Each structure stands twice: as structure tokens, then as C-alpha cells.
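Colleague: Got a structure here, written out as C-alpha cells. Questions coming.
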Amino acid sequence: MQRSQDKPIVAGNWKMNKNARESIEFFQGFLREITEETEQSQFILFPQNINLLAAKQVLGSTKVGWGAQNCYPKESGAFTGETSPQALSEVGAQYCLIGHSERRTIFQESDEFIADKLVTLQSWGVTPVLCIGETKEQRDQGKTEEVLKNQLEIGLSKNRIECPLMIAYEPVWAIGTGDVATPEQAGLAHKFIRSELATKYTEDYANQTVIMYGGSVKPDSSKALFAQEHVDGFLVGGASLEVSSFIAIYKNS
Ligand code: PGA
């Protein structure tokens, strides 16, 4: 990304945490800390789907972004328990995570299925945040780039370049483990992703696409990671659950 600001985009993936009351308390406490509009526009929050209306109520008139952690790639229909991109768009969600490693492993989601989600979200004006990353075993076997290339190849096979897209590089071995990637590891992976985007599309497209790092990001690791040229921001799990640590990731970078 051609950085217009010298601060990262910081996104909070709350996973299956926080009920409505806790979500609202967070949103309100967070807004009290982040008052400037320019600062607000650097943040995105991903609560549970049932709390998206609460996000709309508290964050709807602010520059804080918010979105869903998942969707089903159809407009509507007999898909009990699923959420459509159309409904997300209607409620005002600007973003939706897709391809998170927990969905790939626990729910056996394939790259092809993720590609369908991506294009359906784009057609409803919701920005997909495509999560990719290698396992420990794949890294140890020297297959990191091969894995990322493949996830990008299939995941982006239906991508509409006129629509916004964000990428999150999240090495599986770093998620929820406290084992954050070194700045060098993150920097190399992000550079590779950027160059894949440039090859697949154009240099401009690659430069405009936000690539966030995720996996055990904490306030004490964000600065060195953000110093890497191709790290544009962070997708934060555990440390996004407290207002203080979530904001500190931004402030310390
Ligand atoms: P973590 O989660 O920060 O708790 O490692 C990151 C994620 O799963 O997006």
C-alpha cells in the first residue's frame, strides 16, 4: 500500500467472544479513547454477527470500520444458520473476513468456497478481507511461498479488480499461540504477496491493496512489524479484546 499515513490499519477479530453488552461497552470505551476522525478511520472491528446491529448503533456515525467474521456465498436461500452478504451489506457492514485459518481447519472451508465468498461479498459492496497463511509444518518444509501462492491463486480466481479487497497474512502457527512471526518473516511473506498481486494484476493494484499481518500481535511487537515496508496493518485476535491493548498496538507502531 502506498502509505498515506504513517500509522497502521488495526483490525480486531473478536472471534466467538463478547456478548451484546460487552460489545457495546467496548465500542463506547474505544470511542472515548479515539476521538479524532483520522484515527478512527484506521480501525476495523469484527464482532460476532449477532452484535453487528450493536456495532451499527454505536459506530455507525463514526469512521470506525466494522464487519463480519463470516458469510455464506449466496444471496439468500435454504442455508440454515448462515448469513448472506446481502444481509451484511444491508445492515451496513463494510468488511467481512474470509479464509481465516479457524474456518479452513475447523469448518473445512476450501479455497474454492472462499473464492465464491469473495466475489459474492464484492458484488454486494462489502470488502472481503482474505486471510492466508502457512502451517508450521509447511514452513518447516520450505513451502511457505508455494502455499501462499496457491491460496492467492484460487482465493482470488473470481476477484473483481474494480472492487476493494484486503489481504491478511496470518501464519497458522502464530495464531493464538503467542509465537508472533519475526519482522523479517512477516516482511518477506508480505513482499511475496505484494509481488504476486503485481504479477497477477498490476503494480498499482498491488500497491493499493492493504496487506495486514495477523498472529499474536501485541503492543510490544507491532512497532517492529510495522517497520517492514509491506506490512500495512494488523489483524488482531486476543489483544483486540481489551480497549487498552487494541489501541496500544496502533499507538506504539
Ligand atoms: P491472535 O489471533 O492475535 O489471537 O493470534 C489473530 C487472528 O486469528 O486473526
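The values are calculated or read from the model by the stated rules, or taken from the named source; none is laboratory data. Fair warning: this is a prediction, and the values are worked out from it, not measured in the lab. Methodologically, a virtual Cβ is constructed for each residue, glycine included, from the backbone with ideal geometry; neighbour enumeration extends over all protein chains shown. Calculation scope for accessible area: heavy atoms of the full protein, side chains included, ligands and nucleic acids excluded. Shrake-Rupley method; radii C 1.70, N 1.55, O 1.52, S 1.80 Å.
Colleague: Go through segment 5-21 and give me each residue that's more than 21 Å from Ala224 (Cα to Cα) and more than 10 Å from the ligand (Cβ to nearest atom).
Modeller: Met16, Asn17, Lys18, Asn19, Ala20, Arg21, listed by residue number.
Colleague: Can Glu134 be described as open to solvent by 80 Å² or more (accessible area, probe 1.4 Å) and not hydrophobic (A, V, I, L, M, F, W, C)?
Modeller: Criteria not met by Glu134.
Colleague: Anything in segment 95-117 that is away from the ligand (no atom under 14 Å from the Cβ) and either touching a Pro at 6+ places or on another chain (Cβ under 9 Å) or touching a residue at least 60 places away in the same chain (Cβ under 8 Å) (or both)? List them, or say none.
Modeller: Once the filter is applied, which keeps residues that are away from the ligand (no atom under 14 Å from the Cβ) and either touching a Pro at 6+ places or on another chain (Cβ under 9 Å) or touching a residue at least 60 places away in the same chain (Cβ under 8 Å) (or both), segment 95-117 yields Phe113, Ile114, Ala115, Asp116, Lys117.
Colleague: Next up: Looking at Lys200, Lys223, Lys191, which one is open to solvent by 30 Å² or more (accessible area, probe 1.4 Å), over 30 Å from Glu33 (Cβ atoms) and out of contact with any Leu (no Cβ under 8 Å at 6 or more places or on another chain)?
Modeller: Every option except Lys191 fails the conditions.
Colleague: Filter segment 203-215 down to residues that are within 17 Å of Pro128 (Cβ to Cβ) and free of Cβ contacts under 8 Å to residues at least 60 places away in the same chain and give me whichever is surrounded by the fewest Cβ atoms within 10 Å (Cβ to Cβ).
Modeller: Tyr205
Colleague: Taking segment 69-94 as the search range and keeping residues that are over 16 Å from Ala55 (Cα atoms) and without any contact (Cβ under 8 Å) to a residue 12 or more places away in the chain, which one is surrounded by the most Cβ atoms within 10 Å (Cβ to Cβ)?
Modeller: Glu82
Colleague: Is there a residue being within 16 Å of the ligand (Cβ to nearest atom) and touching a residue at least 60 places away in the same chain (Cβ under 8 Å) anywhere in segment 28-38?
Modeller: no
Colleague: Which of the residues that make up segment 32-42 are surrounded by 15 or more Cβ atoms within 10 Å (Cβ to Cβ) and in contact with a helix residue (DSSP H, G or I) (Cβ under 7 Å, 6 or more places away or on another chain)?
Modeller: Listed by number, the residues that qualify are Ile34, Gln42.
Colleague: Tell me which helices (runs of 4 or more DSSP H) are completely within segment 130-208 and hold 3 or more residues being of a type outside the set (D, E, K, R) and over 26 Å from Ser221 (Cα atoms), or say none if there are none.
Modeller: Correct list: 144-155, 183-200.
Colleague: Here's something else I'd like to know. Can you tell me which of (1) crowded, with 17+ Cβ neighbours inside 10 Å; (2) touching a helix residue (DSSP H, G or I) at 6+ places or on another chain (Cβ under 7 Å); (3) within 25 Å of Glu196 (Cα to Cα) is the one Ile154 doesn't meet?
Modeller: Going through the list (1) crowded, with 17+ Cβ neighbours inside 10 Å; (2) touching a helix residue (DSSP H, G or I) at 6+ places or on another chain (Cβ under 7 Å); (3) within 25 Å of Glu196 (Cα to Cα), Ile154 breaks only (1).
Colleague: Considering Val243, Val236, which residue is within 19 Å of His100 (Cβ to Cβ), within 16 Å of the ligand (Cβ to nearest atom) and surrounded by 18 or more Cβ atoms within 10 Å (Cβ to Cβ)? Full working, then the answer.
Modeller: Numbers: Val243 fails: within 19 Å of His100 (Cβ to Cβ).
Going through Val243, Val236 in turn, just one is within 19 Å of His100 (Cβ to Cβ), within 16 Å of the ligand (Cβ to nearest atom) and surrounded by 18 or more Cβ atoms within 10 Å (Cβ to Cβ): Val236.
Colleague: Does Thr182 meet the test of being among the hydroxyl-bearing types (Ser, Thr, Tyr) and surrounded by 16 or more Cβ atoms within 10 Å (Cβ to Cβ)? Even if it seems obvious, please write down each step before you answer.
Modeller: Numbers: among the hydroxyl-bearing types (Ser, Thr, Tyr): yes; surrounded by 16 or more Cβ atoms within 10 Å (Cβ to Cβ): no.
Here the answer is no, as Thr182 does not meet what is asked.
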